[in-house]
Structures are given as structure tokens and as C-alpha cells.
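See structure below.
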Amino acid sequence: MTVTWEELGWERVAAGVGRCRLPGWDCTAGLVLGEGTALVVDAGSSIGEGAWLRERAQQLAGHRVTHLALTHPHFDHVFGAAAFAGAEVFAAVGMDAVFAYEREELRRDAIRNGLPAQEAEEAADALVPPRHLVSGEWTLDLGEGRQVLLANVGPGHTAHDLAVLVPGDPEVVFCGDLVEESGEPQAGPDAVPSRWPAALDRLLALGGEDALYVPGHGAVVDAGFVRRQRDELAARFGVS
């Protein structure tokens, strides 16, 4: 019997492309299916949540998750990464240094935001630097004619923001927390506010007017929403 995206807790966004809104922090994870391949975008907030994502992604794909893309180094997007053992992991240049030298701050931030201390410690200890670091753009071939573009569009929300463009009709752009729909975009101590509007300009150039934009938190949005959020951020931070 064929299992649907919805039965496994995913929302189908386009052919072979879906996303899942995770409980707790309303964080989005994405899934792109290829020929014998499966790309997951972001890993959830704990190793247990990452395992949940991996299991359901593999049920849909019919095979293991082969690739993992991390959009930025915040605990709710990366602490599940250890659950994807064997996957090729991609992230923006600099994420390796964050994982190597700033994992204690990631652990503390997770606990401050409500992740149980034991889960935070376990996830932080298990972080492994991404193998593939994207400095500009990286085309990922998932087979069966499906290619995905990984683009280092930051800095903005952090110094290491990666977007994932899935060509098709419609095109789909996974934005990470450069875009948020369920609340005002969060600018923490690692944000680069003066560069954030320009990062959204690059995001819009990547996807174009007709793409669907999947934010790090909240519902799928269109280019008009991204543009309005870009202008609000520019006004908020006093940049053009």
C-alpha cells in the first residue's frame, strides 16, 4: 500500500518535494526525493527528532536518506544531525568552525529555549562538522534529472545561511530562518542585520517571482511576502 506524504506527517509542496513543521519551535524540515536518493533539509532540534524525520523520510523515499543540508547553525535546525549517519552533509562555509568551537553555546541556547539538558548535551556532543562546505553555489545531482542548487546567500540571520533551490513547476526555495512566517524574524547575537536585506534580495533572485518559499518557521509563502519582510527588516535595522 502506498503511503501518502500527509499520513507520515509531511506536507507535499511540489512533485517529490515536501516539508514538515516540527512541534515545539515550529521548525521546518524539508525533503527532496530523487532516483535512489533523498535530501533532507535541516535535522530538527534533538537526536530523537532527527531520527523521527529520517525514519519518515525513508518511508516515503523507499530507501535511506543520502544527503542532508543544514541551513544555519541554530540548535533547532542542527541538533538532530547525528541521526543521519551515512548521509553526505552540506552547509555554508564556517559551519564547521561553529560545530568545532561553539557547541557549548549551542547547548546553552538549546537549554535556555526549553530543550531538556540531557538531550541538549547528547546532541551537542554528537555534532560532526559538515563534510561539504558551500562558499558560493553547489549543484547537487539527485538522479532522474533532478538537480538541487545549494546557495550560500548570507550572512543575514546568521553568518552561515544556506538556501536550497529545487527547480520545477513551481520552483521551491528552502529559506532557513532568513524568512519566518509564524512570527517576526529573530535576530540573535550571531545575526548580521546590516546584511540581512541583501541576503533576501539574493534569495528572491534565486527563486524568482513564481517560486514557493519555505521559511524556517511557519507556512509556505510567495515572493511578495519575502519582499515585504525584506523591506521590514531594512526599516527595522536602518539599512537600504
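The values are calculated or read from the model by the stated rules, or taken from the named source; none is laboratory data. The structure displayed is predicted, hence computed values, not measured ones. Here the Cβ positions follow ideal geometry from the backbone for every residue, glycine too, while neighbour counts run over all protein chains shown. What goes into the accessible areas is simple: the full protein's heavy atoms, side chains included, and nothing from ligands, DNA or RNA. Shrake-Rupley method; radii C 1.70, N 1.55, O 1.52, S 1.80 Å.
With every protein chain kept in place and ligands, DNA and RNA left out, what is the accessible area per residue of the chain? Probe 1.4 Å, answer in Å². Could the numbers behind the result be given before it?
Working: 10080 Å² over 240 residues.
Per-residue value: 42 Å².
Of the beta bridges DSSP finds with both residues in the chain, what % are antiparallel, to the nearest 5?
Numbers: 26 of 40 bridges.
The antiparallel fraction comes to roughly 65 percent.
Is the C-alpha gyration tensor of the stretch 1-40 telling us rounded, prolate or oblate? Criteria: a/c under 1.5 is rounded; beyond that, a/b larger than b/c is prolate, otherwise oblate.
Numbers: a/c = 2.26, a/b = 1.44, b/c = 1.57.
Note, shape of the stretch 1-40 comes out oblate.
Mind jotting down the three principal axis lengths of the chain based on Cα atoms? Whole angstrom, largest first.
So the three principal-axis extents are 54, 43, 30 Å.
Please work out whether the stretch 114-240 counts as rounded, prolate or oblate from its C-alpha gyration tensor, where a ≥ b ≥ c are the square roots of the eigenvalues and a/c under 1.5 means rounded, while otherwise a/b larger than b/c means prolate and anything else oblate?
Values: a/c = 1.64, a/b = 1.06, b/c = 1.54.
It comes out oblate by the Cα gyration axes.
Taking amide hydrogens as modeled 1.01 Å from N in the peptide plane, which residues meet the under 5 Å criterion relative to residue 212, leaving out close sequence neighbours?
Hits under the 5 Å cutoff: 171, 172, 173.
Averaging sequence separations of C-alpha pairs under 8 Å and six or more residues apart, then dividing by the length of the chain, give the relative contact order as a whole percent. All intermediate terms of the calculation are to be shown ahead of the outcome.
Working: 542 pairs, mean separation 36.6, N = 240.
Once divided by the residue count of the chain, the mean separation gives 15 percent.
Can you compute the charge dipole magnitude of the stretch 102-209 about its Cα centre, using +1 on each Lys and Arg Cβ and -1 on each Asp and Glu Cβ, nothing else charged? Give it in debye, rounded to the nearest 20.
260 debye
Work out the charge dipole of the stretch 101-173 with +1 on the Cβ of Lys and Arg and -1 on the Cβ of Asp and Glu about the Cα centre, then indicate which of 143, 126, 166 is farthest towards its positive end.
The listed residue farthest towards the positive side: 126.
Can you check what the net charge comes to around residue 217, using other residues whose Cβ is under 10 Å from the Cβ of residue 217 (Lys, Arg +1; Asp, Glu -1)?
Working: positive: 21; negative: 26, 76, 177, 180, 181.
Cβ neighbours under 10 Å give a net charge of -4.
Which shape class applies to the stretch 187-240: rounded if a/c is under 1.5, otherwise prolate when a/b exceeds b/c and oblate if not, where a ≥ b ≥ c are the square roots of the Cα gyration tensor eigenvalues?
Details: a/c = 1.98, a/b = 1.54, b/c = 1.28.
Prolate shape, in that a/c is at least 1.5 and a/b is the bigger ratio.
Given the -39500 (n - 2.57) contribution per DSSP H run of 4+ residues, what per-residue ellipticity at 222 nm results for the chain, rounded to the nearest 500 deg cm²/dmol? Walk me through the numbers on the way to the answer.
Details: 7 runs with 73 residues, N = 240.
Helix contribution divided over all residues of the chain: -9000 deg cm²/dmol.
Relative contact order for the stretch 63-103: what is it in percent, counting Cα pairs under 8 Å that are at least 6 residues apart?
The value is 47 percent.
Give a quick list of GluC sites (Glu not before Pro) in the stretch 128-220 that DSSP marks as loop, anything other than H, G, I, E or B, with at most 14 other Cβ atoms within 10 Å.
Numbers: sites: 137, 144, 171, 180, 181, 209; in loops: 144, 171, 181, 209.
For GluC sites (Glu not before Pro) across the stretch 128-220 that sit outside H, G, I, E and B with at most 14 neighbouring Cβ atoms in 10 Å, the list reads 144, 209.
Net charge near residue 187, counting Lys/Arg +1 and Asp/Glu -1 over other residues with Cβ under 13 Å of its Cβ?
Details: positive: 195, 236; negative: 161, 177, 180, 184, 190, 232.
Its environment carries a net charge of -4.
Cα centroid distance between the stretch 128-172 and the stretch 47-70, in Å?
Going from one Cα centre to the other spans 18 Å.
With Cβ to Cβ distances under 14 Å as the rule, what net charge do the other residues near residue 92 carry (K, R +1; D, E -1)? Walk me through the numbers before you get to the answer.
Numbers: positive: 131, 195, 202; negative: 42, 96, 137, 161, 177, 190.
Value of the local net charge: -3.
Determine the dipole magnitude for the stretch 173-240: charges of +1 sit on the beta-carbon of Lys and Arg, -1 on that of Asp and Glu, nothing else is charged, the reference point is the Cα centre, and the result goes in debye to the nearest 20.
Details: 6 positive and 11 negative charges, 45 e Å.
Around 220 debye, computed over the stretch 173-240.
Taking θ = phi - 60°, what integer Hz values does the Karplus form 6.51 cos²θ - 1.76 cosθ + 1.60 yield along the stretch 39-46, in sequence order, with x for Gly and Pro?
Calculated HN-Hα couplings, in order: 9, 9, 10, 6, 10, x, 9, 7 Hz.
Treating the beta-carbon of each Lys and Arg as +1 and of each Asp and Glu as -1, no other charges, what is the dipole magnitude of the chain about its Cα centre, to the nearest 20 debye?
I would put it at about 140 debye.
Using modelled amide H (1.01 Å from N, peptide plane; none on Pro or chain starts), what sits under 5 Å from the amide H of residue 69, excluding residues fewer than 5 places away?
40, 41, 42, 90
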